[in-house]
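**Student:** Let me give you the structure first, and then I'll get to my questions.
The values are calculated or read from the model by the stated rules, or taken from the named source; none is laboratory data. What you see is a predicted model; the values in this text were computed from it and never measured. No Cβ is skipped: glycine too gets one built from the backbone with ideal geometry, and neighbour counts run over all protein chains shown. Ligands, DNA and RNA are excluded from the accessible area calculation, which covers all protein heavy atoms including side chains. Shrake-Rupley method; radii C 1.70, N 1.55, O 1.52, S 1.80 Å.
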Amino acid sequence: MSSSVNESTHWCYRCRQPVRPPTLDLICPSCDNDFLQELSEALGNMQSHSRDRLAQSFYTGMPMLGLSEIYKQRSPIFLNPHPAIEAMPSITITRRHVKSGLQCPVCQEDFERDTEAKQMPCNHLYHFDCIFPWLVQHNSCPVCRLQLRPESNGSKIMRALISFFWPFGGSSDQNTQYNLDSDD
Amino acid sequence: MVDFARVQKELQECNRDFEVSGIKVVPKSDASLAHLLGTITGPLGTPYEGGTFKIDITLPDGYPFEPPKMRFATKVWHPNISSQSGAICLDILKDQWSPALTLKTALLSVQALLSAPEPDDPQDAVVAQQYLRDYPTFMGTARYWTEAFARTSSLGVEEKVQKLVEMGFPDALVRSTLESVEGDENMALEKLCSG
Ligand SMILES: [Zn+2]
Ligand SMILES: [Zn+2]
Ligand SMILES: [Zn+2]
């Protein structure tokens, strides 16, 4: 086992990698931000063996990818994506949307025609990259605070996301730095 | 990483209707948008009327997914604001924050808090006690603090500089300090005294 992996205790949402905060301050050692979640929480109640391997694939394969890239590149091997994300429809931004000056409430940029947006059950629209970090930790629409279904809470979405890239099936060149079974 | 593109937009948006809202946000220095200085006017019909209150704003790395950190830089006597540190007890700055809120809406909420204290959920226990047990004294103290600390004077910049220089502070330091607090001579004096 790589000890650097074992020592990681938190997930940094900025670096998108497991990190070990130096103090109880919960600050990422590489980027100084405090947007961290306990790794165990992020990983949910997966079995410990899976968790170790998962942490390794996080560590070796994922750091530079954005959430939507991870999402898009998810392995076809994984057959059971979480309903909360799957059920959230993507809609294509039309001329009518653009004309009405529709903005993403998070980044406050105008939506561009023919791009995709995620539609919450309350019909509020967001860029995927904008709503995802929020849903990882919260369970509501930022605009109207409508609660999503209770079972689709943040940690479950996180768990679902993790399921997307474990067993890790992304581009293989990212995954060769570390042989998952070498130390077993 | 703070979404600075959004912060930039917010500042423009917010300062456009300062005349109407009485709310303004400016960067504390040219170097960074992570430290900002907000301004709100005291609501009419409250002991804060006539006051201009500065609010120190720090944006955490997770902004706008995490709430901005706000505290009063101007001293204020209010049950939900620490008379010592300026810390604010307001749900939307804590667990009720949402990334659809903005610096402006947050400052509007702070302004609304000045109109509607919630002594049952106090930040400053002493003030809250006074509010509940001796309302007239509370009103008097709050009004006095507004007069003493939040009154923007009609002095011009040079007059302010002169006043502070006469108190024994070096000219250049006075000017830079005044600039950093947007010309508020009370805050400048406090800063100069605290070194
Ligand atoms: Zn980091
Ligand atoms: Zn967006
Ligand atoms: Zn909504």
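**Student:** So which residues in the stretch B:94-110 are more than 14 Å from chain A (Cβ to nearest Cβ) and surrounded by fewer than 20 Cβ atoms within 10 Å (Cβ to Cβ), if there are any at all?
**Tutor:** Selection gives B:L108, B:S109.
**Student:** Only residues that are part of a loop (DSSP other than H, G, I, E, B), crowded, with 16+ Cβ neighbours inside 10 Å and more than 14 Å from every other protein chain (Cβ to nearest Cβ): list them for the stretch B:28-66, please.
**Tutor:** Those that are part of a loop (DSSP other than H, G, I, E, B), crowded, with 16+ Cβ neighbours inside 10 Å and more than 14 Å from every other protein chain (Cβ to nearest Cβ): B:G42, B:P43, B:T46, B:P47, B:Y48, B:G51.
**Student:** Is there any pair linking a residue in the stretch A:113-136 that is closer than 21 Å to B:Q96 by Cα and in contact (Cβ under 8 Å) with a residue 60 or more places away in the chain to one that is within 16 Å of ligand 1 (Cβ to nearest atom) and outside any loop (DSSP other than H, G, I, E, B), with Cβ under 6 Å and at least six apart or on different chains, and which?
**Tutor:** A:F132/A:L67
**Student:** Also: Do the conditions hold for B:W97, that is, is it outside any helix (DSSP H, G or I) and either of a type in the set (F, W, Y) or touching a helix residue (DSSP H, G or I) at 6+ places or on another chain (Cβ under 7 Å) (or both)?
**Tutor:** yes
**Student:** Which residues, taken from the stretch A:14-32, are out of contact with any Cys (no Cβ under 7 Å at 6 or more places or on another chain) and at pLDDT 70 or above?
**Tutor:** A:P18, A:R20, A:P22, A:D25, A:L26, A:I27, A:P29, A:D32
**Student:** Something else about it: Does at least one position in the stretch B:3-13 carry a residue that is on the phi < 0 side of the Ramachandran plot, in a loop (DSSP other than H, G, I, E, B) and within 14 Å of chain A (Cβ to nearest Cβ)?
**Tutor:** Yes; the residues of the stretch B:3-13 include at least one that is on the phi < 0 side of the Ramachandran plot, in a loop (DSSP other than H, G, I, E, B) and within 14 Å of chain A (Cβ to nearest Cβ).
**Student:** Would you please list the contacts, defined by Cβ atoms under 9 Å and residues six or more apart or on different chains, that run from a residue in the stretch A:95-110 that is over 23 Å from B:Q8 (Cβ atoms) to a residue that is basic (K, R) and open to solvent by 40 Å² or more (accessible area, probe 1.4 Å)?
**Tutor:** Every condition considered, the pairs that remain are A:R95/A:R113; A:H97/A:R113.
**Student:** Just checking, how many residues over the stretch A:115-136 are more than 10 Å from ligand 3 (Cβ to nearest atom) and part of a loop (DSSP other than H, G, I, E, B)?
**Tutor:** Number satisfying all stated conditions: 2.
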